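The values are calculated or read from the model by the stated rules, or taken from the named source; none is laboratory data. Quick caveat: nothing in here was measured; it's all calculated off a predicted structure. All Cβ positions, even for glycine, are placed from backbone atoms using ideal geometry, and neighbour counts span all protein chains on display. Protein only, heavy atoms only, side chains kept; ligands, DNA and RNA dropped before computing areas. Shrake-Rupley method; radii C 1.70, N 1.55, O 1.52, S 1.80 Å.
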Amino acid sequence: QVQVVESGGGLVHPGGSLRLSCRAAPPVFQIATMAWYRQAPGKQRELVATIRADTTTKSVESVQGRFAISRDNDKKMLYLQMNDLKPEDTAIYYCNTPAGNWRWGEGTQVTVSS
């Protein structure tokens with residue numbers, strides 16, 4: 001049973017921008033804290049940013065000032081606006097709850113390269 005579908009990734013030059021989207025199926029999305037994760041080649045999956053139902057956000061230091069997480073509860077959509085992208089942002093990006101207890105989607109590939 002598909003619970004999340006990520007999209008919006010692609011190839012971008014350093015300094016570029018992308019907006020990732022995540023479509024969620026579970027009705028509880030509207031009250032759930034949601035998160036974006038990423039997994040770079042050869043590395044463990046890391047939590048990048050979270051957003052509570054009240055839209056309070058947190059993010060890891062490496063993306064602060066560059067990435068912004070947002071949500072549309074009516075559409076059950078989660079977003080990640082990524083600006084000033086760096087090669088080290090290259091990864092597969094996933095959405096899930098902070099506990100990672102929903103079924104993982106396939107993710108969306110973000111490649112930052114000149």
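Here are some notes:
- Anisotropy class assigned to segment 27-89 is prolate, per the alpha carbon gyration tensor with a/c at or over the 1.5 cut-off and a/b larger than b/c.
- Candidate aspartates and glutamates for bridging to LYS58, where Cα separation is under 15 Å - those fewer than 8 sequence places away on the same chain excluded: GLU46
- Solvent-accessible area, 1.4 Å probe, carbon plus sulfur percent, for the chain: 48 percent
- Averaged over its residues, the chain has an accessible area of 55 Å² per residue, based on protein heavy atoms and a 1.4 Å probe.
- Shape category assigned to segment 1-43 from the gyration tensor of Cα positions, a/c cut at 1.5: prolate
- Partners for LYS43 among lysines (Cα-Cα distance below 18 Å; same-chain residues under 8 apart left out): LYS86
- Extension gain, THR33-MET77: 0.36 nm per intervening residue step, less the Cα-Cα distance, totals 14.6 nm.
- Theoretical gain in end-to-end length, ARG19 to GLN44 [0.36 nm per residue, Cα-Cα removed]: 6.7 nm
- Gain on full stretching of the segment that runs from ARG103 to ALA53 - 0.36 nm per residue minus C-alpha separation: 16.0 nm
- If you wrap the tightest convex hull around every Cα atom of the chain and split its volume per residue, you get 91 Å³.
- Coil-residue GluC sites (Glu not before Pro) of segment 49-113, DSSP, other Cβ within 10 Å capped at 13: GLU106
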